[in-house]
Amino acid sequence: QVQLAESGGGLVQAGGSLRLSCAVSGSTFGINAAGWHRQTPGNERELVASISSTGTTYYQFSVKGRFTISRDNAKNTVYLQMDSLEPEDTAVYYCNVVVRGESYWGQGTQVTVSS
């Protein structure tokens, strides 16, 4: 059973940084594509950044230049480095990975940016 363990969320002041981690366990196969999504109350979950199996990255326009997605295949872990955080980045962040064609979601981690 594939499980995702997210960590790294918290409270930070505007302009600060956080690094989210998503560790994948329970599979002998590696991560294909992976992404970080976020959701605020009353809104749909939105894709923030993604990384393909070959390392190609995509960023939502609002985070481009501030967030960096990366992966450590040896550790089966995906990261989201978030710099220059803004109050508008406040949300629950979810990790999503694809393993052998199946999509899995983390439980979510709260990120709160104070002004």
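The numbers here are math on the coordinates, done by the rules we state, and not lab data. Computed from a prediction, not measured in an experiment: that's the story for all the values here. Every residue, glycine among them, receives a Cβ derived from its backbone with ideal geometry; neighbour counts consider all protein chains shown.
Odds and ends about this structure:
- GluC sites (Glu not before Pro) restricted to DSSP loop in region 34-110 with at most 10 other C-beta within 10 Å: GLU44
- Inter-label distance, ASP83 to THR57: 1.0 nm, where each label sits 7 Å from its Cα along the C-beta direction.
- Loop sites in region 22-115: chymotrypsin sites (Phe, Trp or Tyr not before Pro), DSSP, at most 13 other Cβ within 10 Å: PHE29
- Nearest-20 debye value, the chain charge dipole, Cβ charges on Lys, Arg, Asp, Glu: 260 debye
- Bridge orientation summary for the chain: considering DSSP beta bridges with both residues in this region, about 90 percent are antiparallel.
- Across all directions, the average projected area of the convex hull around the alpha carbons of the chain is 6.8 nm².
- Two-site label geometry, VAL2 and LYS64: point separation in nm, points 7 Å out along Cα→Cβ: 2.9 nm
- Net charge in the neighbourhood of VAL48 (other residues with Cβ under 11 Å of its Cβ; Lys, Arg +1, Asp, Glu -1) is +2.
- For the chain, averaging the sequence separation of C-alpha pairs within contact (under 8 Å, six or more residues apart) and dividing by the residue count gives a relative contact order of 36 percent.
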